[in-house]
Every structure is written in structure tokens, then in C-alpha cells.
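Reading through the C-alpha cells given below for one structure.
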């Protein structure tokens, strides 16, 4: 018999008492580090040439939760008060809409490992056109450039090369003629903006790193002309120095008792602050006016636009931001207490509104200067992971984590609050008694503890290995190996694991010798836990990482995570493996992507993994790797060889940018809505346009239309596309994406909410295509019940739908009728008839298989002479996608009862049993691409396919549900809805398979994003409208 595969389908934000500003000139500075001066290591538009991915840097995977993931160093409000610009140690600049509280875009540049790419300072030119950026922007420090971006477009225009160390602060003159920079190289530099940013002078008066610079004009009283510019700087030599730009000399200077890191200028005053817990106020000649004592270290200073109020941040306990009134002799008039850790980025929106950024989760608060009440919170959807735990049982591996800080000891910094089951990726609240393990600091008679020491005197820089009767062995950390021992413990065989700053996670033997590095985290590792041969870790980068400790036993020195997971505040999640394959919840794929470097002198790109869904969304491959399947590596490599690796695909060119060409109204009185779409080539060409209405794919413009109806600009690679979409009566969500020419990367999604009042609305019609094949052309793959199940489904659907629909149109293709040409023709005929407000059902019964991760349905005439014949002769998911997008009905459902012969070789043992993951993964992809609600059998046992009471067990339960049981099981209102059917059938199939064959059969359903709707009335509710 021929065999056929067939399926049933940050800065270390520790406790507030130790948070301090970072001294950036130290390598990879996530801890407060001081006293060092060196930094570490028609006719289509003309296709734009793709930007080459830098040959020295592969795409870097990074999370993007819609907010900062590390310490925020600087913030700016635009002159129109509509936007806030923020810069962070997470190597991003984010532009926030202050009305919506949402991030609008990012401005990116070249980054690398460790601190390379961290942004310490930004300044916006007065005309709002140019954004100057400073930080650790050159890995080799041959120079440390200042990047000048075109602010409206985010394109990098200039790189200013002169500093030899990191740039800590930047300031434009009020008229925009000059830019001043301060650096860890101890210098202050002045650049002429109008002369292409030519360097015009370097002041060398400081003996340590310069952290603060400001420039302001001197106005002649009578003529109002600018007679000079003065520059003020503050540094780690404790000095504040005032210079004359015209005279190129020092005018005055004074000293604090400790480092000076922050400056602010008003129309009368200069304010300076640093590590000595005071704010010094002087006039514009640097003559002392006032010294303000501060209970907290005042990190960050800003004057209000009317020059009356002075705002300070916070660098230690208590974590209070203060506002002082210059008209009341700098009396403190407001204290903002919401932040829970370091705040060094502060500014004003207006004289009544302050903005402060920081804390454990890098939140930005907009608050009233008069009441201290919060007006808006700008934040991402992730949170730092303070605690992790792990548990293994017969059902699988579970990862627990918590995002609340409440430190008990170095291995318990907070409660475990949520748990992810890695067999399903479901995230739930953690039960009180969970059996979740953390990590132990005791192995036999050896105890681990920590003490202060190391080059910076941190309280946990030294790990002590204590054995009774012996002197402790010490492991000392510095800026090259993690700075601190933040969390630590033993593996089951006595190996020591310690997590530290900047992502260091290290294995040592009991003699304190280095064994291996676990490489993956990018911020401080706050917590680790171990169970058997699995370890989980979490920290400031908001990512859970799972590690296979057998790799440590194999002697590997550099160990990469088996799985990385991000979970947002609402349990949306994305999980990925090193090879680029991922799985995600309905809205989770937007949180992770690839940063693409193009070199020092070009802006960078970012592509979300969701934009690569077509190739890399493969739950089956993720689970195979987790299960330690011996074939996993080969299968993954085969897929990469077939489709390309991440860097190969990204180097083919970016997807287009898309935007609405004209304003689209939010309300229409007709179902056909005109759309004008602007598409701009970004180097990868312009491919297909995909339109979804309420999550359901709808036919889009043709390829010719996508290349320019109307105005084309060949030099810019732009197209205007005009088309109509059909929207049903009521509220609608319209979304569009456009692919690059290769069809491998899609654009960011463009969305619009539109309400339609359809004057022609009426009772909908029900359309169904029902396909069932028992007797195949090949006699050795016959089935018992598929054809009869299809006929009975069609009959039941027609009977139960009569009271609910105006007309019912059911087309059946049974056995020999179900050939590819007939199926294609039937879809085409239905596409001409089905309206957007109608209901459509597709039922498939017969053989199915999974090929290269996608579902294929076996038609009657398929001849299985080779794997290629199987692929070419079956109907693929992509072909169904083409058929279905012509069906306009928004209320639609796909039901798949295709049988599985048991030919899959899934690993069904161990903590990551596959449980039909390959076919479920394929069905999941089917749902994603079509947008239709989907319900599929997933039997993997031959007895189940032999049937139950002359039916396949799945369709048997389905028929029960459609007649009456679903409504009785559900809300008991007489209507049979798709969600009621799914709930009843899932429960019933599990009951029958357990009772009859002692197995668990798990149907697969995905109704996410699709509207719930009714398909009929239960028995006894046979009058129009499901009335009794």
C-alpha cells in the first residue's frame, strides 16, 4: 500500500535604594559606575536598489513592546506640544503622540552587542527639522560620532566625527545656529550648524567626563542683537564652567562637592546638580544665587517654558521628583511620588504639566504641576521579570514568572504571578499551590552567598563558595564579566550558575572556574530557576529564556537559549527559537523583530517577526526543537535551505511603506467603500496587496493596479492604488498590508475603523460548499464515512438554517465530483453570488496532509506516485486562500474533518509531547492567512478514524451540536452559534474518544478575530427568527 501523510485536523533597576545614574564610559554600564574616563568596547515605478545588510552585522533580534525596555536618558517635547521624543539605553529613539499616549514611530541607527548603540542624549533643532543624537555610537571608539537625523523622515543625514569617547549631552542654540556636545573624553565641542556642522572650537577645561552642556545667547539690551553665546558645562571633576564662544575662553567656574551631571537654563538662572544632593542656582554670570538641599539625588533638571518652575528627577530613595518655584525663592511646591526607581529624564509640556521618565518599567508620566495627578502614562506593554520558576510533570514543562518587585533574597525578588504551559503556550494566573521550583544556593555541604567588593565596591560583586572547614572560594566580577552576582544557585549536579548585569549568565564549577556562558539576555538577569535539565531565566530585558542544561554537560562554552518568550501585560505572547521560527498569540507577533544595520552612516531598519509570518510562523518546528526531537535540526535546516535564512530574506529588500492617500471617512451609507492607497518602494519592490475586513481576507487590487493607477513617481518608487472594499452593515475593522516583490516580507499593517449603515440590509443568505470523499481514484486510500458525513452535514445545515436565513444555497461535491477543476469552478461561481453580509460555510471531509508546514486537501483524482506528485496534486492552503478571498462574506467558517492515517513520526513522549502539533500548526496557519473562523478534527489514532456510530467521531458530535445540543450546552436561547458548536463538539469528542478508545482526541479551533454568528436554530425553534 502506498503511504500518504494524512491528517485529522536597562540599567540595572534593582531595589530603589540602589538605583543610581550610570557612568557611561564604563563597559556595558547597567550598574552605576563611576570614576573612569574610558569607554568600552501602468509601468511599474522604478524599483529602488535594496539597502545591503551590513556585512559586519547580521540582523539582531530584539523585542519591541511599544515602549522602552531600558533606562530612559533624555526626553524632548516638540514645539507644537503634540509629540514627545525619548532616548534610551535600549538603543532606540521613540516618538510618542501626546494626545493618544501611543508610540508613533522609532528612529534607529547602528547597534551591536553590549553597550554599543545606547543613546544618552538627544537635542531637537528649534525649527524641528534636525535631531542630534549622542551616546555609545561607535564600537571601536576610533571616534564616537554624533548622529544628525532628519527628524520628519528619520533618515540619517550626518555623522559628526571628533569626540574620542561617548557623548553624554547635546544642546542647540535657541536660533539653531550652533550645536554643543559634551563627552567622556573630557571635552566640550561647538559645531556650526549652518556650515554643514563644521567643528569650530573645542574647550578642554575639564579633567573628567563631561555630562552636561547648555548654550544660550547674550542679548544686547538696546538693539536686541546677539552679542555672544555662552556655554555652560558640568562634569565628573565636580566643576561647572562658563565659557564665552566669541572669546573662546572661560568666564567663570565653581565646584560641587561631587560629580556634576545635570544642567538647566532659564532666562535668568543656571541650575546644576549631581551626586552631592544639592541643586545650585546661579545667574548667567555663574554667580551663586541659591543652594537647594535635596532628600534625593536630583538626577535630571528642567525649567518650565515660562521659566518659573524648576523640575528635578530622582536618583535614590526616596524616589520623588520635585518642582520648585523661582518666584518663591525656589520653594518646593510639588512632589511626584509615583516612580519606583531612577528618573533622570525630565521636561515640561507647558507650565502646568510636567513629564518624567524612569522607574523599574521605564514608564513616562505626564502629570499636573499643581496637583501632582497623572494626566497620561506612556508605556510599553512589557514589564521587567523579577522572578521566575519552572516545573516539569507528565503533562509538560511550565514556566512561571512575576513582574512585581518585592525582594526577599537574591533568588526571590518578587512573587510568581503567571505561568505558561509550554505544551500549549497558554498563559494563566499561577495557582497558590503550584509546585513551581526556583533555585537552591545549597549543594550537599556547599553554600553560596555574596559580599561586597570588586573594582566598584558593589554589595554583591563577590560570590562566596563556602564548604565546611575550608576557606571560601571567591568569584569576583567586574565590568567585563557582569559586574555583580544578581542571582545564583546550583544545578542538580552541583554546577554554579550566576546571573549579572548586561545579560551575563555564567556557569562555574565548584572551584570557581569558568565553564560556560549562556548568551541571549541583553539586560540584567534578575532571576533563574532550574528543574531537571531545564533552566529558565528572566530580567530587565522582559524576556523569559529556556536553556537546555545537557549542553553544559556536553562541554559547550557558548550556550544559546532553546526558547525565548515575551508575554505582555494582557497575556499576548510570542515565542521564538534561534533559527528564526516562532509562534505567537493572536496579537503577539508585533512584539519581536529584527534590527537591521546598514553601517555607521545610515539609519537602521526594523522588521517585526509578524511581517515574516508566511515563512517563519511554524509552531511545529518550535515544538520539535523543544521536544529534543533528533530530526528537529535536519527539519529546520531543510526549511531554511528551501526558503532562506532570516538574513538572506531580509537582505532581499524591505517591504513597501503604505499610507492612506486621501482621508477615509469613518462612516459610509453604502457597502462599497472607495480606498486610495499610497505605496512607496523601500528597496524590495512592490508585491501583492492583502486586504482584510474584520480579519477575513478579501480580494485586493490586481498586480497591475498595485504598480500605479494615477500618479507614479519613478524616481521615488511610489504608486497610487485605487480600489473598493465591501463592508457589511455595522462596525468594521479594515486592515491592509503590501508585500515586497519576493512575497517574503510584508509591510506594517495599515488599519482603519469604518461604520457602514447599509440601506439595503436584510436577512442574509446562507451559502455552503460541502466536500466529502470516501472513494478515491486510488483504491488503497479509501475512507468509510467522509462522503456520507458530508451529505448529512449539508442536510442538517439546510434544515437547521431555514428559520434564520432568507435563502439557503448549499453546493455538495461528493467523491468523484470533488476534482480540482470542479472545486475551483464552484468557488468561482460562489464568489459571484455571496454578498458581504451573507454567511458562508466550507466543510472538508476526506484525506488531508501537511507539506512544508501547510495544510493540503487531497482531491479525488490525486495520484500519489511521489512526494512531488502529492504536493502538486493536492489543494494547498495557499490555493484555498486564493479561492476564499473572493468570497466576500464576513461571517464564515471552515470545518475540516480530514483523516490521519498515523503516518506522522511526531515525538509523543517526554515533557514536550507533540500531540498533533504539526497538523494543528498547519491549521493555525490556515486560519491566519484566510482570517476565517476554523474548526478541525485532530484525531491521531486509527480507531478514531474508523468512526463512531457510522460517522467520523468529529462529525458525529458536530451533527449533535447542530441539531440542538450546542444551544442546550450554551446559552439555551434557540440559536445555534459557531462558538457554541465549538465548545460542545470539543467536549463531546474528548468524552467519546476517552470512553471508546482510551485516547484523547483534541479538536482544534480558532475563532480569534472572527465575529461569532449563528448558523441555524435548534429543534423546536423552527419559526422564522428561531422562535418556538
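If you scan the range 492-508, which residues turn out to be in contact with a strand residue (DSSP E or B) (Cβ under 6 Å, 6 or more places away or on another chain) and surrounded by fewer than 24 Cβ atoms within 10 Å (Cβ to Cβ)?
494, 495, 506, 507, 508
Name the residue that is surrounded by the fewest Cβ atoms within 10 Å (Cβ to Cβ), counting only residues in the range 645-661 that are touching a strand residue (DSSP E or B) at 6+ places or on another chain (Cβ under 7 Å) and part of a loop (DSSP other than H, G, I, E, B).
Applying the filter and picking the extreme gives 661.
Taking residue 611 as the residue in question, decide whether it is part of a loop (DSSP other than H, G, I, E, B) and either in contact with a helix residue (DSSP H, G or I) (Cβ under 9 Å, 6 or more places away or on another chain) or over 26 Å from residue 878 (Cα atoms) (or both).
So residue 611 fails the test.
Suppose we keep only residues that are in contact with a helix residue (DSSP H, G or I) (Cβ under 6 Å, 6 or more places away or on another chain) and modelled with pLDDT of 55 or more within the range 908-932. Which one would you say is farthest from residue 396 (Cα to Cα)?
For the range 908-932, the residue satisfying everything is 930.
Might you check whether a residue that is within 14 Å of residue 645 (Cα to Cα), surrounded by fewer than 24 Cβ atoms within 10 Å (Cβ to Cβ) and modelled with pLDDT of 95 or more occurs anywhere in the range 586-594?
Yes, the range 586-594 contains at least one residue that is within 14 Å of residue 645 (Cα to Cα), surrounded by fewer than 24 Cβ atoms within 10 Å (Cβ to Cβ) and modelled with pLDDT of 95 or more.
If I filter the range 438-453 down to residues being over 17 Å from residue 470 (Cα atoms) and within 36 Å of the chain's Cα centre (by Cα), which single residue comes out as surrounded by the fewest Cβ atoms within 10 Å (Cβ to Cβ)?
This residue is 440.
So residue 859 clears everything in (1) in a loop (DSSP other than H, G, I, E, B); (2) touching a helix residue (DSSP H, G or I) at 6+ places or on another chain (Cβ under 8 Å); (3) modelled with pLDDT under 95 except one condition, right? Which one?
Status for residue 859: all satisfied but (3).
Yes/no matrix, rows are residues, columns are (1) under 17 Å from residue 774 (Cα atoms); (2) assigned to a loop (DSSP other than H, G, I, E, B); (3) in contact with a strand residue (DSSP E or B) (Cβ under 7 Å, 6 or more places away or on another chain):
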{"position": "826", "(1), (2), (3)": "no, no, yes"}
{"position": "832", "(1), (2), (3)": "no, no, no"}
{"position": "835", "(1), (2), (3)": "no, yes, no"}
{"position": "844", "(1), (2), (3)": "yes, no, yes"}
{"position": "848", "(1), (2), (3)": "yes, no, yes"}
{"position": "880", "(1), (2), (3)": "no, no, no"}
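Rundown of residues vs (1) in contact with a strand residue (DSSP E or B) (Cβ under 9 Å, 6 or more places away or on another chain); (2) modelled with pLDDT of 90 or more, yes/no style:
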position: 987; (1), (2): no, yes
position: 991; (1), (2): no, yes
position: 998; (1), (2): no, no
position: 1004; (1), (2): yes, no
position: 1028; (1), (2): no, no
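Working carefully through the options 767, 739, 776, find the one that is closer than 30 Å to residue 646 by Cβ and crowded, with 22+ Cβ neighbours inside 10 Å.
That would be 739, the only listed residue that is closer than 30 Å to residue 646 by Cβ and crowded, with 22+ Cβ neighbours inside 10 Å.
What do you reckon, is residue 626 modelled with pLDDT under 95 and either crowded, with 20+ Cβ neighbours inside 10 Å or in the same structural domain as residue 547 (by TED's automatic domain parsing) (or both)?
Here the answer is yes, as residue 626 does meet what is asked.
Condition first: more than 28 Å from residue 835 (Cα to Cα) and modelled with pLDDT of 90 or more. Can you find one or more residues in the range 660-679 that meet it?
Within the range 660-679 (the criterion being more than 28 Å from residue 835 (Cα to Cα) and modelled with pLDDT of 90 or more), the answer is yes, since at least one residue qualifies.
Out of everything in the range 397-411 that is in a strand (DSSP E or B) and buried (at least 18 other Cβ atoms within 10 Å of the Cβ), what residue ends up being farthest from the chain's Cα centre (by Cα)?
Only one residue fits best here, namely 397.
Working carefully through the options 522, 480, 487, find the one that is surrounded by 22 or more Cβ atoms within 10 Å (Cβ to Cβ), over 19 Å from residue 551 (Cα atoms), modelled with pLDDT under 95 and assigned by TED's automatic domain parsing to the domain that holds residue 438.
Result of the check over 522, 480, 487: 522.
Can you name the number of the only condition in (1) under 32 Å from the mean Cα position of the chain (by Cα); (2) assigned to a strand (DSSP E or B); (3) surrounded by fewer than 21 Cβ atoms within 10 Å (Cβ to Cβ) that residue 335 fails?
For residue 335, the exception is condition (1).
Looking only at the range 219-249, which residues are over 20 Å from residue 266 (Cβ atoms), touching a strand residue (DSSP E or B) at 6+ places or on another chain (Cβ under 6 Å) and in a strand (DSSP E or B)?
Scanning the range 219-249 gives 235, 239.
What about residue 462, is it surrounded by fewer than 20 Cβ atoms within 10 Å (Cβ to Cβ) and modelled with pLDDT under 95?
In short, no.
Looking at (1) over 34 Å from the mean Cα position of the chain (by Cα); (2) at positive phi, which is the only condition residue 233 fails?
For residue 233, the failing item is (2).
Given the options 250, 278, 240, 260, name the one that is within 12 Å of residue 214 (Cα to Cα) and at pLDDT 95 or above.
Among 250, 278, 240, 260, only 240 is within 12 Å of residue 214 (Cα to Cα) and at pLDDT 95 or above.
The values are calculated or read from the model by the stated rules, or taken from the named source; none is laboratory data. In this text, all values refer to a predicted model and were calculated from it rather than measured experimentally. Don't worry about glycine lacking a Cβ; one is built from the backbone with ideal geometry, like all the others, and counts go over all protein chains shown.
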